[in-house]
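The values are calculated or read from the model by the stated rules, or taken from the named source; none is laboratory data. In this text the structure is predicted, and so the values were computed from the model without any measurement. Here the Cβ positions follow ideal geometry from the backbone for every residue, glycine too, while neighbour counts run over all protein chains shown.
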Amino acid sequence: MRSRTPDRLCAEAVDLARAAAEEAALPGTVGEHVQTVADGDRVVTHSFLCLDPAYRGWRWAVTVARASRAKNVTLDETVLLPGPDALLAPEWVPWSERLRPGDMGPGDLLPTDAEDLRLVPGWSGEDVPPPNSAVSEEMDRLAEAEDADVVPGSPAAQPAVPARGTIAAVAEELGMRRARVLSRYGLHTAADRWDETHGAKTPMAQAAPASCVSCGFLVPIGGSLGQAFGVCANEFGPADGHLVSLSYGCGGHSEAAVMPKPPRPAPPVIDETLVDPMPLRSEPAGDEEDEELGHS
């Protein structure tokens with residue numbers, strides 16, 4: 001239990017506490033005495049301001065104590081603690097919560113949680129033959145040697161489940177052997193995220209002359225997301241190479257406008273009813289020029 005009243009001898013040991021703080025701190029960084037707190041019976045903590053610019057608002061806390069029926073006060077510990085207006089580092093957040101899209105670089109690894117809600121098993125069931133399988137115990141007697149890799153005995157007696165006929169083998173042949181695939185929740189979160197960047201509510205789509213569903217530059221995609229998204233293939237568009245919502249749009253729509261043809265100049269107008277005389281040479285200015293030029 002913490003005592004309400006500090007021990008008198010411990011409370012008066014300010015010089016002992018200051019000397020301990022000055023020994024632990026840099027020279028000239030221990031300020032004035034600001035507080036005395038009773039931590040228990042005959043245990044008191046003295047606080048001094050820290051004048052170090054790197055620890056603005058911090059305090060040197062020196063704890064002193066004395067034994068029962070003893071008059072000598074001894075030193076317990078000296079620590080630097082933050083004060084009420086101290087500058088503190090932000091609360092630590094795990095990396096998985098700090099990570100943001102675009103933070104990964106070349107060589108970085110992002111492990112996924114085993115219970116990630118965005119993923120579900122890629123194929124259901126374990127490598128246990130179903131009852132109607134060619135390697136099941138019920139069909140063991142009916143299996144043909146040329147059609148199934150089966151050894152005598154039930155599957156429980158075999159050293160390992162035969163690879164042929166298992167779910168994993170079939171998935172491998174069909175190119176579908178992925179340990180996990182996107183769940184419905186993962187699909188919805190991805191669609192919401194893409195719709196925020198390239199969806200109908202963006203300023204670009206609001207000012208577009210038409211939506212991407214009627215654009216010739218839209219490349220369709222397969223799967224369930226193909227009903228709402230496609231890939232933009234307009235190199236001059238703002239979303240080239242990105243997944244865009246079918247309700248998205250931009251000024252680069254293939255049918256936004258037809259380039260006007262250059263105007264054809266009007267044919268020249270020739271007035272054949274009048275004749276304008278056009279002299280081929282200028283009239284002679286005088287006789288001197290005629291004689292000089294050899295004209296009579």
*Only residues in segment 23-38 that are more than 11 Å from Ala61 (Cα to Cα) count as the first member; pair them with residues that are part of a loop (DSSP other than H, G, I, E, B), Cβ under 6 angstrom, at least 6 apart or cross-chain, and list the lot.*
Thr29/Leu51; Thr29/Asp52; Gly31/Leu51; Ala38/Ser3; Ala38/Pro6
*Within the bounds of segment 233-254, is there any residue that is over 27 Å from the mean Cα position of the chain (by Cα) and within 23 Å of Leu187 (Cβ to Cβ)?*
no
*asked:* When the residues of segment 191-241 are narrowed to those that are closer than 11 Å to Gly252 by Cβ and among the acidic types (Asp, Glu), which ends up modelled with the lowest pLDDT?
replied: Glu235
*Could you please find all residues in segment 220-258 being among the hydrophobic types (A, V, I, L, M, F, W, C) and either within 16 Å of Thr202 (Cβ to Cβ) or surrounded by fewer than 11 Cβ atoms within 10 Å (Cβ to Cβ) (or both)?*
Ala228, Phe229, Cys232, Phe236, Ala239, Leu243, Val244, Leu246, Cys250, Ala257, Val258
